[in-house]
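J.: This is the structure, below, for whatever I ask next.
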């Protein structure tokens, strides 16, 4: 099973890198980009076959290591 | 007095930190990130600056899960003193020993300054007594991820409980909330700070204003 974890800065946490990317897109002539948020995607290949158990396990990984929940939120997708 | 200084893969201020402790009269043990226990009779643990584990995932995140940091957490839990400088501060927040998080500098640039003006907010701790409350000092800063952030209730609590040890004097070059440069644990025995006191312990290399931290700490621990 494959798990895809998306880690983003929480709403309300200033994202200066996203802001710099937004400004650069404007410089390149791309108009109408109102905001950019930058995050990261982590892909995991899991031996697990039980979907619910795998999701619970990956969420624990997020809480303990993959995301810093002080400033980041995460989303888990299994396929 | 016995200090243990941890070296992670990618630490680069560990030697300076050991030397700063030694200069203040400490016996110093070097500890490796894979060690599962601290040496016996350690009075204070130092977590140095650098780029532990290449800053992979987030600064300090991998180091916070290393075997030695588990031992450091136990040590802090028993009331031990821990000093984290720069990357060491990042490790302390990632390990949950201090609240908040250190994010990428708001201006996105690495900031490197030889003498950043700071105000000592709380002079009552073992780490800061050598300077004293209200003291204006200047220490080197050099970091890319020193933008201290926490939610407003946490910041209010830290300020209310005297747990902001150090503040940038005028503005935070890294964008830190409320110009916070150093934070204390609830019992005042864990200090995380972005400025580098260990780089300022000898006038011959520019400044000795950081030496008061190590001397004050030695005095406090000897009296305890």
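J.: When the residues of the range A:15-45 are filtered to those that are assigned to a loop (DSSP other than H, G, I, E, B) and surrounded by fewer than 14 Cβ atoms within 10 Å (Cβ to Cβ), which remaining residue is nearest to the other protein chains (Cβ to nearest Cβ)? Don't jump to the end; show me each part of the working.
T.: Taking the range A:15-45 and keeping what is assigned to a loop (DSSP other than H, G, I, E, B), we get A:15, A:28-39.
Narrowing further to those that are surrounded by fewer than 14 Cβ atoms within 10 Å (Cβ to Cβ): A:28-35.
Numbers: A:28: 18, A:29: 22, A:30: 20, A:31: 23, A:32: 24, A:33: 18, A:34: 20, A:35: 17 Å.
Top of the filtered list is A:35.
J.: Which residues, taken from the range B:16-38, are under 15 Å from the mean Cα position of the chain (by Cα) and within 15 Å of residue B:88 (Cα to Cα)?
T.: Initial filter on the range B:16-38 (under 15 Å from the mean Cα position of the chain (by Cα)): B:16-18, B:20-21.
Matches in the range B:16-38: B:16, B:17, B:18.
J.: On to the next question. Taking the range B:1-48 on its own, how many of its residues are in a loop (DSSP other than H, G, I, E, B) and either crowded, with 23+ Cβ neighbours inside 10 Å or in contact with a strand residue (DSSP E or B) (Cβ under 6 Å, 6 or more places away or on another chain) (or both)? Let's see the steps before the verdict.
T.: Keep residues of the range B:1-48 that are in a loop (DSSP other than H, G, I, E, B), which gives B:1, B:8-10, B:12-13, B:24-26, B:33-43, B:48.
Those left that are additionally either crowded, with 23+ Cβ neighbours inside 10 Å or in contact with a strand residue (DSSP E or B) (Cβ under 6 Å, 6 or more places away or on another chain) (or both): B:8, B:10, B:12-13, B:26, B:38-39, B:41-43, B:48.
Number of matching residues: 11.
J.: Kindly evaluate residue A:54 against the criterion of being without any contact (Cβ under 8 Å) to a residue 60 or more places away in the chain, farther than 24 Å from residue B:66 by Cβ and crowded, with 16+ Cβ neighbours inside 10 Å. Write out each step before concluding.
T.: Working: without any contact (Cβ under 8 Å) to a residue 60 or more places away in the chain: yes; farther than 24 Å from residue B:66 by Cβ: yes; crowded, with 16+ Cβ neighbours inside 10 Å: yes.
Taking the combined requirement at face value, the residue satisfies it.
J.: In the range B:60-68, is there at least one residue being crowded, with 24+ Cβ neighbours inside 10 Å, within 14 Å of chain A (Cβ to nearest Cβ) and outside any helix (DSSP H, G or I)?
T.: Yes, the conditions are met somewhere in the range B:60-68.
J.: Restricted to the range A:1-14, and to residues that are within 13 Å of another protein chain (Cβ to nearest Cβ) and more than 13 Å from the chain's Cα centre (by Cα), which residue is modelled with the highest pLDDT?
T.: Within the range A:1-14, the match that is modelled with the highest pLDDT is A:13.
J.: If you don't mind, there's one more thing I want to ask. Looking only at residues that are touching a helix residue (DSSP H, G or I) at 6+ places or on another chain (Cβ under 7 Å) and closer than 17 Å to residue B:199 by Cα in the range B:130-178, which one is farthest from the other protein chains (Cβ to nearest Cβ)?
T.: B:130
J.: Let me ask something additional. Looking only at the range A:57-79, filter to residues that are over 30 Å from residue B:176 (Cβ atoms) and without any contact (Cβ under 8 Å) to a residue 60 or more places away in the chain; which one of those is surrounded by the fewest Cβ atoms within 10 Å (Cβ to Cβ)? Steps first, answer last, please.
T.: Our first condition is that a residue be over 30 Å from residue B:176 (Cβ atoms); within the range A:57-79, this holds for A:57-60, A:76-79.
This time we only want the ones that are without any contact (Cβ under 8 Å) to a residue 60 or more places away in the chain, so: A:57-60.
Details: A:57: 16, A:58: 23, A:59: 16, A:60: 11.
Here the residue is A:60.
J.: Okay, next question. Just checking, which of B:182, B:192 is touching a helix residue (DSSP H, G or I) at 6+ places or on another chain (Cβ under 7 Å), at pLDDT 95 or above and buried (at least 21 other Cβ atoms within 10 Å of the Cβ)?
T.: Values: B:182 fails: touching a helix residue (DSSP H, G or I) at 6+ places or on another chain (Cβ under 7 Å).
Exactly one residue qualifies, and that residue is B:192.
J.: Taking only the range B:200-224 into account, find how many residues are farther than 13 Å from residue B:127 by Cβ and touching a helix residue (DSSP H, G or I) at 6+ places or on another chain (Cβ under 6 Å).
T.: Number of matching residues: 1.
J.: Can you pull out every residue in the range B:70-104 that is within 14 Å of chain A (Cβ to nearest Cβ), part of a helix (DSSP H, G or I) and farther than 30 Å from residue B:208 by Cβ?
T.: If the condition is that a residue be within 14 Å of chain A (Cβ to nearest Cβ), part of a helix (DSSP H, G or I) and farther than 30 Å from residue B:208 by Cβ, then B:70, B:73, B:94 are the ones that fit.
J.: I'm told residue B:108 meets every condition in (1) surrounded by fewer than 24 Cβ atoms within 10 Å (Cβ to Cβ); (2) touching a helix residue (DSSP H, G or I) at 6+ places or on another chain (Cβ under 9 Å); (3) more than 14 Å from every other protein chain (Cβ to nearest Cβ) except one. Can you identify the failing condition by its number?
T.: Of (1) surrounded by fewer than 24 Cβ atoms within 10 Å (Cβ to Cβ); (2) touching a helix residue (DSSP H, G or I) at 6+ places or on another chain (Cβ under 9 Å); (3) more than 14 Å from every other protein chain (Cβ to nearest Cβ), only one is false for residue B:108: (3).
J.: Further question on the same structure: Within the range B:83-99, restricting attention to residues that are in contact (Cβ under 8 Å) with a residue 40 or more places away in the chain and surrounded by fewer than 24 Cβ atoms within 10 Å (Cβ to Cβ), which residue is nearest to the chain's Cα centre (by Cα)?
T.: Let us first name the residues in the range B:83-99 that are in contact (Cβ under 8 Å) with a residue 40 or more places away in the chain, namely B:83-93, B:97-99.
Applying the additional criterion that residues be surrounded by fewer than 24 Cβ atoms within 10 Å (Cβ to Cβ) yields B:97, B:99.
On the way: B:97: 12, B:99: 13 Å.
Among residues in the range B:83-99 that are in contact (Cβ under 8 Å) with a residue 40 or more places away in the chain and surrounded by fewer than 24 Cβ atoms within 10 Å (Cβ to Cβ), the one nearest to the chain's Cα centre (by Cα) is B:97.
The values are calculated or read from the model by the stated rules, or taken from the named source; none is laboratory data. Just so we're clear, the structure is a prediction, and the values are computed from it rather than from any experiment. Cβ atoms come from the backbone with ideal geometry, glycine included; neighbour counts cover every protein chain shown.
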